Amino acid sequence: MTGRDALLDAFDRLFSTAATKLQLEITPQEHADAKEQFSERFAGMLQTTDKFESPPLPPEVLVEMEAQIARISPVELAGVVAAIPLAQQAQDMVRAVAFQHAQQKMLEHLAMQADTRYGGN
C-alpha cells in the first residue's frame, strides 16, 4: 500500500464519521465525489505520498481523529467551513508573493553578474 492509499483509506473512514456526526445520508456517488474533491485539493501531497510504501494509519490514530470529529461543535464546524475558501485564497496569495520574490532575487542575481569590464551600463 502506498502512502496515498493509506491517506485515502483514512479519508473514507473519517468522512463516514463526519457524515454520521452531521446526520447526513450520503450516497455512494456523493462519497466518491467528496473523495475526488479531497484528492484534487490535496493533489500535491497525495502525489508525494504515492512514491513510498506505507502501512495503513494505525487504528489508535484513526480512533483519535474520529474522537476529534465527535468533539467538534457546530460553531467550530462553521469556522472550519468558513476557513476553507480563505485558506485557498491565502495559498494563492502566498504563491504569488513567493513568485514575485523569486523574480526579484533572479533580477538581483543577474544584475550582480553584469559585465563591468568595459564600463558596463
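Would you confirm, using the coordinates I've provided, whether V81 is more than 19 Å from the chain's Cα centre (by Cα), of a type in the set (A, V, I, L, M) and loosely packed, with under 11 Cβ neighbours inside 10 Å? Considered against the rule, which asks whether it is more than 19 Å from the chain's Cα centre (by Cα), of a type in the set (A, V, I, L, M) and loosely packed, with under 11 Cβ neighbours inside 10 Å, V81 comes out as no. Would you be able to say whether some residue in the stretch 11-24 is loosely packed, with under 10 Cβ neighbours inside 10 Å, part of a helix (DSSP H, G or I) and either among the small types (G, A, S) or in contact (Cβ under 8 Å) with a residue 24 or more places away in the chain (or both)? Among the residues of the stretch 11-24, not one is loosely packed, with under 10 Cβ neighbours inside 10 Å, part of a helix (DSSP H, G or I) and either among the small types (G, A, S) or in contact (Cβ under 8 Å) with a residue 24 or more places away in the chain (or both), which makes the answer no.
Yes or no: the stretch 27-39 includes at least one residue that is loosely packed, with under 11 Cβ neighbours inside 10 Å, within 20 Å of Q88 (Cβ to Cβ) and of a type outside the set (D, E). So far as the stretch 27-39 goes, yes, one or more of its residues are loosely packed, with under 11 Cβ neighbours inside 10 Å, within 20 Å of Q88 (Cβ to Cβ) and of a type outside the set (D, E). Condition test on A98, is it of a type in the set (G, A, S), surrounded by 10 or more Cβ atoms within 10 Å (Cβ to Cβ) and either farther than 24 Å from K21 by Cα or in contact (Cβ under 8 Å) with a residue 24 or more places away in the chain (or both)? Considered against the rule, which asks whether it is of a type in the set (G, A, S), surrounded by 10 or more Cβ atoms within 10 Å (Cβ to Cβ) and either farther than 24 Å from K21 by Cα or in contact (Cβ under 8 Å) with a residue 24 or more places away in the chain (or both), A98 comes out as yes.
Among the residues of the stretch 109-117, is any in a helix (DSSP H, G or I) and at pLDDT 90 or above? Taking every residue of the stretch 109-117 in turn, none turns out to be in a helix (DSSP H, G or I) and at pLDDT 90 or above.
For the stretch 47-63, give me each residue that is closer than 26 Å to K21 by Cα and either surrounded by 11 or more Cβ atoms within 10 Å (Cβ to Cβ) or of a type in the set (V, I, T) (or both). I'd like the intermediate steps shown before the answer.
As a first pass, look at the stretch 47-63 and keep what is closer than 26 Å to K21 by Cα: 56-63.
Across the stretch 47-63, the qualifying residues are P56, L57, V61, L62, V63.
The values are calculated or read from the model by the stated rules, or taken from the named source; none is laboratory data. What you see is a predicted model, and the numbers here were worked out from it, not measured in a lab. We place every Cβ from the backbone using ideal geometry, glycine too, and count neighbours over all the protein chains shown.
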